[in-house]
Amino acid sequence: MKNFDKWNEVKKRTEQKEETAIFKEREIYWANIGENIGYEQNGKGEDFMRPLLIFRKYSNKLFCGIPLSTTIREGSFFFNFKFSSDKESSALLVQAKTFDGKRLDRKIGMIDKDDFKRLEQKMRELMKL
């Protein structure tokens, strides 16, 4: 059973944050992505956190983020890469959406420039751009 009441408490605390991280494209953060509906990706733990890749920075407060998973997946909806020597991840491309910088907790890494270029190409193909 999903715990929307607990998520609402975390969401209220998140909204009240006065400072946001100074983020850049390609960075990876732990982020409060929440308890979501149906097949949308959820955060985990007490604060509903999940690693999140900054895909496009729209402003100092708003960005397009892609949730990450340590469950390696194959197919056109996913992009697999390593952002540190021991952390293999799948970017859940089809789950990309706009996030506020208040959701960002702490930086945990950065995707390699070449991997990011390949990820961008895969997103173009997925979106048929």
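Remark: pairs (first residue in the range 116-128, part of a helix (DSSP H, G or I); second residue of a type in the set (D, E, K, R); Cβ separation under 9 Å; 6+ apart in sequence or on different chains) = Phe116/Glu25; Phe116/Arg26.
When you scan the range 82-93, do you find a residue that is under 21 Å from Ile33 (Cα atoms), assigned to a helix (DSSP H, G or I) and free of Cβ contacts under 8 Å to residues at least 40 places away in the same chain, even just one? For the range 82-93, residues under 21 Å from Ile33 (Cα atoms), assigned to a helix (DSSP H, G or I) and free of Cβ contacts under 8 Å to residues at least 40 places away in the same chain: present.
When the range 59-105 is limited to residues that are modelled with pLDDT under 95 and among the basic types (Lys, Arg), the one that is nearest to Glu27 (Cα to Cα) turns out to be Lys82. All told, Ile22 falls short of being β-branched (Val, Ile, Thr), in contact with a Leu (Cβ under 9 Å, 6 or more places away or on another chain) and at negative phi. Take the conditions (1) touching a Lys or Arg at 6+ places or on another chain (Cβ under 9 Å); (2) buried (at least 17 other Cβ atoms within 10 Å of the Cβ); Thr20 misses just one of them, which is (2). Restricting the range 103-115 to residues that are in a helix (DSSP H, G or I) and in contact with a strand residue (DSSP E or B) (Cβ under 8 Å, 6 or more places away or on another chain) leaves a set whose member that is surrounded by the fewest Cβ atoms within 10 Å (Cβ to Cβ) is Asp115. Checked against (1) of a type in the set (A, V, I, L, M); (2) modelled with pLDDT of 95 or more; (3) over 25 Å from Ile22 (Cβ atoms), Met127 passes all but condition (2). Taken together, Asp100, Asp86 contain a single residue that is surrounded by fewer than 19 Cβ atoms within 10 Å (Cβ to Cβ), farther than 20 Å from Phe4 by Cα and of a type in the set (D, E, K, R), which is Asp86. Scanning the range 63-81 for residues that are assigned to a loop (DSSP other than H, G, I, E, B), without any contact (Cβ under 8 Å) to a residue 40 or more places away in the chain and not charged (D, E, K, R) yields Thr70, Thr71, Ile72, Gly75.
The values are calculated or read from the model by the stated rules, or taken from the named source; none is laboratory data. In this text, all values refer to a predicted model and were calculated from it rather than measured experimentally. Backbone-built Cβ (ideal geometry, glycine too); neighbour counts: all protein chains shown.
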